[in-house]
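Some notes on the structure that comes next.
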Number of protein chains: 2
Amino acid sequence: MKVIIVGGVAGGASCAARLRRLDEKIQILMVERGPFVSYANCGLPYHVGGSIENESSLLVATEQMFKGLFMVDCRTNCEVIAVNSKKKTVDLKNHITGEVTIEKYDKLVLSPGAAPIRPPLPGIDLPGIFSVRTIADAKNMRAWLDRDIDRSVGNSITGVDAVSKPRHAVVIGGGFIGLEMVENLAERGLEVTLIEKLTQVMPPLDPEMARVVEIYLKKHNIKLELGDGLAGFRNGANGGLEVLTEKGKAYPADIVVMAIGVKPETELAKMAGIEIGEKGGIRVNKQMITSDPDILAVGDAVEVKDFVTGQWALIPLAGPANRQGRIAADVLAGRKSKYRGTQGTSICKIFGAAISQTGVSEKTLKKLGDKDYEKIYMLSNSHAGYYPGAKMLVIKFLFRKSNGKVLGAQVLGEDGVPKRIDSLAMAIQSGSTVYDLEESELCYAPPFGSAKDPVNFMGMIAANMLNGDEPIAHWDSLGDNFLLDVRNPPELAVESVPGAYNIPLPQLRARLSELPRDREIAVFCRSGQRSYYATRILLLNGFKARNISGGVTIRSLSK
Amino acid sequence: MKVIIVGGVAGGASCAARLRRLDEKIQILMVERGPFVSYANCGLPYHVGGSIENESSLLVATEQMFKGLFMVDCRTNCEVIAVNSKKKTVDLKNHITGEVTIEKYDKLVLSPGAAPIRPPLPGIDLPGIFSVRTIADAKNMRAWLDRDIDRSVGNSITGVDAVSKPRHAVVIGGGFIGLEMVENLAERGLEVTLIEKLTQVMPPLDPEMARVVEIYLKKHNIKLELGDGLAGFRNGANGGLEVLTEKGKAYPADIVVMAIGVKPETELAKMAGIEIGEKGGIRVNKQMITSDPDILAVGDAVEVKDFVTGQWALIPLAGPANRQGRIAADVLAGRKSKYRGTQGTSICKIFGAAISQTGVSEKTLKKLGDKDYEKIYMLSNSHAGYYPGAKMLVIKFLFRKSNGKVLGAQVLGEDGVPKRIDSLAMAIQSGSTVYDLEESELCYAPPFGSAKDPVNFMGMIAANMLNGDEPIAHWDSLGDNFLLDVRNPPELAVESVPGAYNIPLPQLRARLSELPRDREIAVFCRSGQRSYYATRILLLNGFKARNISGGVTIRSLSK
């Protein structure tokens, strides 16, 4: 049997290595159009930024290793330019010699990845506009950033600072790669402007959570231009680049990074006549087999089933790509492995913070018309507040109203983020409920957590909500509620809420007579904790009451 | 209804606060013999060390808060000195006035905690010997550490360095508190000797994993005296303390910290005539109710069911104590809450590293005669190796041979420990298997993890083992195996294994003829990864082979 694998990075490389471990006899040909196999594309922004200084660090496994250790006929600088699925052949072009050969396969694995989107806008091919996909991209960016720019051209004040390194960067697109590039360019000392067509950064997050990230970016001197699309590029008067937006603005830039998303590479799949899904990715079954039983596909080029919603989705992440490659190898070796779907667990470092998420967002639930869910917001210390270095975690947590199942979470903060998002990712995988989270036994010592971990609190608050102990309200869905603010007077000066009646929590029991018994009272404080105590006191004293989740902190983000 | 809660720290305080949130009418009397309620006893070592400078930081909730906000009749410096369970009364002694009053209860909650063990050895009451339980203990230690010692007494070289602060500390007992005290005393600049009766530190760990901790302690200049018990104390010639051991040694000490474990406080329970369990703790059912239906008990004083083994155990941890307090409150308020048992998830900071564990150890499995388990060792980067700051994680992982269920894990390292131990803690709670871990979707970006997380690798290696793809061997159970070392020759110089035959992995396929076909080959490398590849090559070429888990790294720890 001969297997041809198209693409030698995450999914393809995993597939090749695993397949050889399962079978010493199968003939494996792995084709990579670039000069490197199995390189760390996730590391490219950090190579541009300089925290990964050596290009060689990015080479996880070499062509030599694949050839020698894995007995894979590994061909770099080689591209499959055509597939004939009837004859079961591919046309292979050697980019060094220009030669095209025809290779037969018994099974074909497509792992071509997804290409950065570069819309055909005016000026898109001007020098200085980069995408982030290959080691060559990173190398070119580094060279571009290291060059001297003659600032005297078209500059009335000549002689002053006539030559300098690039100073202004514009990053277009505020997703994972966009934010990683923002960080890395800023850490190289550039002034960075981030332009994003949506009215929020980090599209997988819900908007109010993205706001936390936006505030953080501004605090780190990033210029944010949200809600404005890219119109094109031109050379400005001084010879530098200018980024033009749909709103008619022009942003000067010494370097531009395009990070507006990726698109599955499906040309070969289309040539092979295999099915493309509704989202534009290659359609595969749980065995990673396409509509042609002899062609499998893995990685960013395929559509996956969203593990939580059951919907088809494009979720280009390295972890899933690697697992899919492994499963494709198992299937090729005659095993029964199945891909369980992708739940979209992700994390992104931005300066000192981490933006993380797992499972479904409220945005997606709304899009699907799913109303069987509830949400809560939490502000928690990353570890015991009395131990130095505790940082605030901002958490949004989604769960099924009908059965308490964990649906998704978004966790932001400068400390302790992976601990929580991974616990929640595990909870989603195992179908755990909020009642399980109440009882989860997570590691605790003052430098790492709290005796009741934020994950426990999520479970407790959600369970309290579901069993009626703590009805929850949200700013965006308040009705005719009586608004009760239980903060202390000095806090009101920081953020006052129009129309809210203030009774500080410690005075509440003594002042119950001031509150209406015929209206539902929506209680809030800074974060939702004191208002929880207040809600309980009100309910137990016969009032109708709800706690506004996340308090004024979330209000300020939702505006 | 009137509830008396004995003990106002973790379990008791949680119970009181929750009970008030569930019922505004119940009369709650919470009695604490010390001057503070709800203080952070987990923070005491750090207060001694100075990283938590202010005592007030340790006060999580004050007496005032319990009285005002929670309407709890909170009495500090008050001790329940007798229980009459027939009459349902307690004798309450006010330590300030000396007065003793009798209080009636409808329900009694015992949360007295566990007391540090202080064996009645000669000299145990000499000044300078401390335990770590209360804020007063920490205060006394700080004062003792701040005092000047006259070094001229009994010193032939007078005048030289006549007066100094304490310099030599002896910590007795190498568990959680012992190690935290070691760290904190060392960080105050003291030379620290750790004496432990067992032949390993951190008794919950398996010995080979404890060895990693021991090496780390020595690297940080801690003097370790393992396998030697405490015999007593005396004043030495120069007036300072000396710690005497069973082996007849004498260790001079300017301060001694006793941390040889804790013992459940069961005096009141015995007075009340309620059942004490086989481990010496108060016996409770899942509702935290003792053998007397009107007496509940929570926290370090009770025996819990080990969630994994189903055995009764003493597991004094803050997280479980808090959850038990909450459950007792639920039960008192007529709710159906149940305690699911304790799985022993724990973490301990020691200098820059973390020692963590969840579920069962091999030690415990052996003690129970349980043979339906397997183990693997792993050495993994805490995050992508190409991103700066990756540290080695040392992992031991235990799982059921018959069904793949996760049983326990021990994870040590300087980075990324909570992320892994909490994922595994969640896996144990939900009854997940190694096959689930293969597919877990944990957060990944180069600064935080790897596309295949160590948790995924644990699952993959274990699954490979269970399905026969990768038979595993261990150094401690090798039989008549042919030992094959697939490291490269320069590595053999670092640690050579007598009797092992060396074929570097890249040469293996070409040199198969050198290997025996009639004997099982046990393959090893440094960590177990290259030997995995080698094992697969051997098996697929018709040899009998096993991979020695953890390679020479684990061998050096098991010696």
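The values are calculated or read from the model by the stated rules, or taken from the named source; none is laboratory data. Please read these numbers as outputs of a predicted model, since none were measured by experiment. Every residue, glycine as well, gets a Cβ built from its backbone with ideal geometry; the counts of neighbours run over all protein chains shown. The area values use the complete protein model at the heavy-atom level, side chains included, leaving out ligands, DNA and RNA. Shrake-Rupley method; radii C 1.70, N 1.55, O 1.52, S 1.80 Å.
Residues of segment A:465-504 that lose at least 10 Å² of accessible area (1.4 Å probe, protein heavy atoms only) when the other protein chains are present, relative to their chain alone, are A:D469. With an a/c value of 1.5 or above and a/b not larger than b/c for the gyration tensor axes a ≥ b ≥ c computed over the alpha-carbon atoms, chain B is described as oblate.
The GluC sites (Glu not before Pro) found in segment B:264-339 that occupy coil by DSSP, while having at most 15 further C-beta atoms within 10 Å, are B:E275, B:E278. Between segment A:278-295 and segment A:308-370, how far is it from one alpha carbon centroid to the other, in angstrom? That distance is 16 Å.
Ligands, DNA and RNA aside, A:V60 has an accessible area near 100 Å² when probed at 1.4 Å.
Cross-link partners of A:K197 among aspartates and glutamates, defined as those whose alpha carbon lies under 16 angstrom from its own and excluding same-chain residues fewer than eight positions apart: A:D206, A:E214, A:E225, A:D228, A:E246. For segment A:389-426, a reduction of at least 50 Å² in accessible area between the chain on its own and the assembled protein chains (probe 1.4 Å) is found at A:D422, A:M426. For a modelled paramagnetic label at A:K371, 7 Å from Cα along Cα-to-Cβ, no residue of segment A:510-546 is in reach, as no backbone nitrogen comes under 16 Å. Taking label positions 7 Å along the Cα-Cβ direction at both B:K279 and A:E53, the computed distance is 5.2 nm, reported to one decimal.
B:I260 contributes about 70 Å² of solvent-accessible surface, heavy atoms of the protein only, 1.4 Å probe. By definition, a body whose alpha carbon gyration tensor gives a ≥ b ≥ c is oblate when a/c is 1.5 or more and a/b is not larger than b/c, and segment B:321-384 fits this oblate description. In this view, the solvent-accessible surface of B:S346, computed with a 1.4 Å probe and all protein chains in place, comes to about 10 Å².
Looking at segment A:232-308, the trypsin sites (Lys or Arg not before Pro) that sit in a DSSP loop and have at most 11 other Cβ atoms within 10 Å of their own Cβ are A:K247. Counting other Cβ atoms within 10 Å, which GluC sites (Glu not before Pro) in segment A:1-95 have at most 16 and lie in a DSSP loop? Filter output for segment A:1-95: A:E24, A:E53. Solvent-accessible area of segment B:301-448 (1.4 angstrom probe, protein heavy atoms only): carbon and sulfur portion equals 48 percent. Summarising the amide proton neighbourhood of B:M202: residues at separation of 5 or more, or on other chains, whose placed amide H is nearer than 5 Å comprise B:G174, B:G175. Here A:I124 yields copy-to-copy label distances, from shortest upward, of 8.1 nm, the label point defined as 7 Å from Cα along Cα to C-beta. Listed by chain and number, the aspartates and glutamates whose C-alpha is less than 13 Å from the C-alpha of A:K371, apart from same-chain residues fewer than 8 away, are A:E362. Of interest is the spacing of the C-alpha centroids, which for segment A:174-192 and segment A:420-437 amounts to 32 Å. Counting only DSSP beta bridges with both residues in the protein assembly as shown, the antiparallel share comes to about 55 percent.
Checking the Cα-Cα distances for B:K396/B:K544; A:K336/A:K401; B:K218/B:K396; A:K286/B:K338; A:K419/B:K375 against a 28 Å cut-off, the pairs over it are A:K336/A:K401; A:K286/B:K338. For segment A:15-50, accessible area lost to neighbouring protein chains reaches 20 Å² or more, against the chain alone with a 1.4 Å probe, at A:R18, A:R21, A:L22, A:E24, A:A40, A:C42, A:Y46.
Per-atom-type breakdown for segment B:1-137 gives carbon and sulfur 55% of the accessible area (1.4 Å probe, protein chains only). Each of A:I172, A:I461 has its accessible area taken with a 1.4 Å probe; listed largest first, they run A:I461, A:I172. Reported to the nearest whole Å, the Cα centre-to-centre distance from segment A:80-153 to segment A:474-533 is 58. Computed extension length for A:A250-A:N403: 49.9 nm, one decimal, from 0.36 nm per residue of separation with the Cα-Cα distance subtracted.
Once the 1.4 Å probe is applied to the protein heavy atoms, chain B comes out at 38 Å² accessible per residue. Quick check: from the Cα gyration tensor, does segment A:5-81 come out rounded (a/c under 1.5), prolate or oblate? Cα axes put segment A:5-81 in the prolate bin. Under 10 Å from the Cβ of B:M465, count the other residues' Cβ atoms, weight Lys and Arg +1, Asp and Glu -1, and hand me the total. Neighbourhood net charge equals 0. Chain B packed on chain A takes about 6800 Å² of accessible surface away from a 1.4 Å probe, both sides summed. Length gained on full extension, A:L226 to A:D294, computed as 0.36 nm times the residue gap minus the Cα-Cα distance: 20.0 nm. The dipole here belongs to segment A:410-492: it is taken about the Cα centre, uses +1 on the Cβ of Lys and Arg and -1 on the Cβ of Asp and Glu, and is about 140 debye.
Distance between the pseudo-spin-label points of B:E514 and A:N94 (7 Å out from Cα toward the beta carbon): 3.4 nm.
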